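The values are calculated or read from the model by the stated rules, or taken from the named source; none is laboratory data. Owing to the predicted nature of the structure, the values given are computational and were not obtained by experimental measurement. Positions of Cβ are generated from backbone atoms using ideal geometry, with glycine treated the same way; all protein chains shown enter the neighbour counts.
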Amino acid sequence: MWSVSSLVSADPTLETEDAKHLLREAIRAHRNNRGTRERTEAGHAIAEHASEIVADAGCVAVYAARPNEPATQPLIDHLHAQGIDVLLPILGVGLSRDWALHRPGGTLEVRAPGRPPEPDGPGLGITALHRADVVFAPALAVDRTGVRLGQGGGWYDRVLEHRRPDAPVVAVVFHDEVSDHPLPRAAHDRAVDGILTPAGWWFVGEE
């Protein structure tokens with residue numbers, strides 16, 4: 001059975017960025033082979049489990065999933081139904097990082113190649129993340145100590161500097177993308193506080 005754990009290299013001569021690159025390529029290829037039904041069902045299961053995490057939240061930062069990621073629209077719909085403010089990432093001026101509120105019934109559009117869909121705005125500024133009580137972050141993989149493998153641009157590693165210290169960051173992945181072995185980690189990589197999969201969720205160290 002396929003799993004990220006089986007892909008993690010124990011080769012001590014492999015540079016961190018090279019190891020990350022190999023993992024990203026393998027995970028993306030596997031994601032691209034997942035069916036639409038699997039991704040949709042994963043999204044509904046994730047929304048159900050996430051309801052426990054956001055029970056007391058007034059504002060949550062999430063993201064609009066790309067086609068090969070676990071679907072997040074069910075989670076966004078749940079947040080709206082509970083009256084919780086939804087922050088989504090957007091591109092600001094000159095490719096700067098920004099956030100915008102996504103209102104119920106609002107549209108999402110792909111505004112730049114390779115970017116996830118975004119709301120219309122207006123942008124609230126990078127520090128708007130401080131409003132979020134919970135931050136759901138995309139990931140290609142995460143290990144059981146909270147080390148997160150992102151897409152490679154370092155976007156979330158930088159924006160997470162602006163979240164409140166008491167606001168947990170939860171990585172969203174398919175269950176077989178949780179690694180039992182340590183993932184390669186660079187000095188700038190920020191660990192997450194929790195892991196959310198279609199099979200369930202837990203805070204790091206409390207599984």
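Rundown of residues vs (1) closer than 18 Å to Val172 by Cα; (2) of a type in the set (D, E, K, R); (3) within 18 Å of the chain's Cα centre (by Cα), yes/no style:
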site: Ala19; (1), (2), (3): no, no, no
site: Leu22; (1), (2), (3): no, no, no
site: Glu48; (1), (2), (3): yes, yes, yes
site: Asp56; (1), (2), (3): no, yes, no
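From the list Val93, Val110, Val147, Val134, the one residue that fits, being buried (at least 17 other Cβ atoms within 10 Å of the Cβ), farther than 26 Å from Glu17 by Cβ and among the β-branched types (Val, Ile, Thr), is Val134.
Which is of a type in the set (Val, Ile, Thr), farther than 20 Å from Ile53 by Cα and either modelled with pLDDT under 95 or touching an Asp or Glu at 6+ places or on another chain (Cβ under 6 Å) (or both), of Val169, Val159?
Working: Val169 fails: farther than 20 Å from Ile53 by Cα.
Step by step, each of Val169, Val159 is checked, and only Val159 is of a type in the set (Val, Ile, Thr), farther than 20 Å from Ile53 by Cα and either modelled with pLDDT under 95 or touching an Asp or Glu at 6+ places or on another chain (Cβ under 6 Å) (or both).
Thr36 passes every criterion in (1) within 17 Å of the chain's Cα centre (by Cα); (2) of a type in the set (S, T, N, Q); (3) closer than 23 Å to Ser3 by Cα apart from (1).
In the condition set (1) assigned to a loop (DSSP other than H, G, I, E, B); (2) under 27 Å from Asp189 (Cβ atoms); (3) touching a His at 6+ places or on another chain (Cβ under 6 Å), Gly114 is compliant with all but (3). Among the candidates Asp189, Asp166, Asp98, Asp120, single out the residue that is among the charged types (D, E, K, R) and assigned to a strand (DSSP E or B). None of the other options fit; the residue is Asp98.
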